[in-house]
Amino acid sequence: MYTQGLDQSGRGDSAKSGGESKEQLDAFQARIDAEEKIEAKDWMPEAYRRTLIRQISQHAHSEIIGMQPEGNWLTRAPSLKRKAILLAKIQDEAGHGLYLYGAAETLGVSRDQMVADLLSGKAKYSSIFNYPTLTWADIGAIGWLVDGAAIMNQIPLCRCSYGPYSRAMIRVCKEESFHQRQGFEIMLTLCRGTEEQKAMAQDALNRFWWPSLMMFGPNDSASKHSAQSMAWKIKRFSNDELRQKFIDVTVPQADFLGLTIPDDKLRQNEETGHYEHSEIDWQEFFEVISGNGPCNKERMAKRRKAHDDGAWVREAARAHAAKKADASAAA
Ligand code: BYC
């Protein structure tokens, strides 16, 4: 079974083992360059396999941990309709986690191993889910900004070179697009409501803007995996390119809502058409992804408890499978 983690060069075991010939690597790259999809049973370099296991499993963990901040508001949604929508959205996230774990399993890693890596703190999940949801407007901001950023990052993943991941992303993106719209609609309702409701929406934007920009990962110059992932067409755009696209589409949406982006240096460059912004607080980002964000410990404690509480379900499923196997062996 494979475990996570590439060496510092990001090249993984293959580069060390030297077990892959230049001809094999060149033939593989030629398939990538020809836009062929790589399927589970095809030959692939070990480093490609490991990069995908790392990215897809971290993506799956993000979907599962990402259920917590929104789940926090299920009992306090302001109406039955809002509650039903939120419940459906959170269930979608669970489904995304399952497709993604399934896609990673095709690369030879077990679900148990991936879960063990999450619970031990070895595997990461998205930084964004380590921030608290303090008001109902945060549910709007998550849909609008967090799902909006997720779509910007994930649409290109529908064209990822690895077939099972790219196909899983098509359905995920369709659902994320509904999530983004429901979030924007919550924000719109609040912004057209009382002054207090609009202030709540502004406060949510103030707290979620910068963490949403951090979702795209470190600046290109600090992104250790980007160059190789782009050469392998796992990633189609760099972290900074996607972040810029997100800012460019989101600023006009904030204007439409009558909200102010919390960045006094934000302005549109008339020549390029792009919005320029202040420097992101990378120290905060690296603190959060090292486990020291506002809610990391709470999120992991809740996940571990859910895993322990579910032990009886796994045991029952195993006992049922064993009974069925015995019955078919006896028949
Ligand atoms: N948070 O070399 P880099 C969602 C890590 S959830 C934490 O640029 P890469 C949703 C990175 O893993 C959104 N860690 O890496 C769910 C690496 O560390 P390791 C999840 C981050 O992989 C519910 C190191 O920093 N989306 O959709 O080339 C409700 C260096 O980074 C983050 C995905 O996972 C971060 N933000 O690029 C609503 C999409 N950023 O592994 C929404 C798939 C970076 O070497 N993933 N790191 O220890 C990707 O597209 C890429 O993995 C990333 C990072 C763009 C995130």
Net charge near residue 188, counting Lys/Arg +1 and Asp/Glu -1 over other residues with Cβ under 14 Å of its Cβ? +2
For the pair residue 318/residue 91, report the inter-label distance in nm, with labels modelled 7 Å from Cα in the Cβ direction. 2.9
Inter-probe distance in nm under a simple model that places probes 7 Å from Cα toward Cβ, at residue 31 and residue 286: 3.8
Charge dipole (the chain, unit charges on Cβ, about Cα centre) - positive-most of 329, 130, 94: 329
How big is the dipole moment of the stretch 101-234 about its Cα centre under a simple scheme where the beta carbon of each Lys and Arg is +1, that of each Asp and Glu is -1, and everything else is neutral? Debye, nearest 20, please. 460
Using amide H atoms built 1.01 Å from N in the peptide plane, name the residues 5+ places from residue 232, or on other chains, whose amide H lies under 5 Å from its own. none
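Explain nothing, just the number: dipole magnitude of the chain about its Cα centre with +1 on each Lys and Arg Cβ and -1 on each Asp and Glu Cβ, in debye rounded to the nearest 20. Mind dumping the intermediate values first?
Numbers: 43 positive and 45 negative charges, 254 e Å.
Approximately 1220 debye in magnitude.
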Please report the accessible area of residue 308 (heavy atoms, 1.4 Å probe, ligands and nucleic acids excluded) in Å², nearest 10. 100
Label point 7 Å beyond Cα of residue 177 along Cβ direction - residues of the stretch 223-266 with amide nitrogen under 18 Å: 246, 249-250
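Tell me the GluC sites (Glu not before Pro) within the stretch 254-325 that lie in a loop according to DSSP and have at most 11 other beta-carbon atoms within 10 Å.
Details: sites: 270, 271, 276, 279, 284, 287, 298, 315; in loops: 270, 271, 279.
When the GluC sites (Glu not before Pro) of the stretch 254-325 are filtered for loop state and at most 11 Cβ neighbours within 10 Å, 270, 271, 279 remain.
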Going by the alpha-carbon gyration tensor, a ≥ b ≥ c the square roots of its eigenvalues, is the chain rounded (a/c under 1.5) or, if a/c is not under 1.5, prolate (a/b greater than b/c) versus oblate? oblate
How much length is gained on full extension from residue 330 to residue 72, taking 0.36 nm per residue of separation minus their Cα-Cα distance? 88.0 nm
State, as an integer percentage, the relative contact order of the chain based on alpha-carbon contacts under 8 Å between residues 6 or more apart. 18
Of 81/122; 37/224; 37/83; 233/265; 174/302; 235/265, which pairs sit farther than 32 Å apart, going by alpha carbon to alpha carbon? 81/122; 37/83; 233/265
What is the distance, in nm, between label points placed 7 Å from the Cα along the Cα-to-Cβ direction at residue 203 and at residue 249? 3.0
Under a point-charge model restricted to the Cβ atoms of Lys and Arg (+1) and Asp and Glu (-1), what is the dipole moment magnitude of the stretch 194-257 relative to its Cα centre, in debye to the nearest 20? 480
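For the chain, what is the accessible area per residue in Å² when the probe is 1.4 Å?
Numbers: 16430 Å² over 331 residues.
Solvent-accessible surface per residue comes out at 50 Å².
The values are calculated or read from the model by the stated rules, or taken from the named source; none is laboratory data. Here the structure is a predicted model, which is why all the values come from computation and not from measurement. FYI the Cβ positions are ideal-geometry reconstructions off the backbone, even for glycines, and counts take in every protein chain you see. Surface areas here come from the heavy atoms of the whole protein model, side chains and all, with no ligands, DNA or RNA. Shrake-Rupley method; radii C 1.70, N 1.55, O 1.52, S 1.80 Å.
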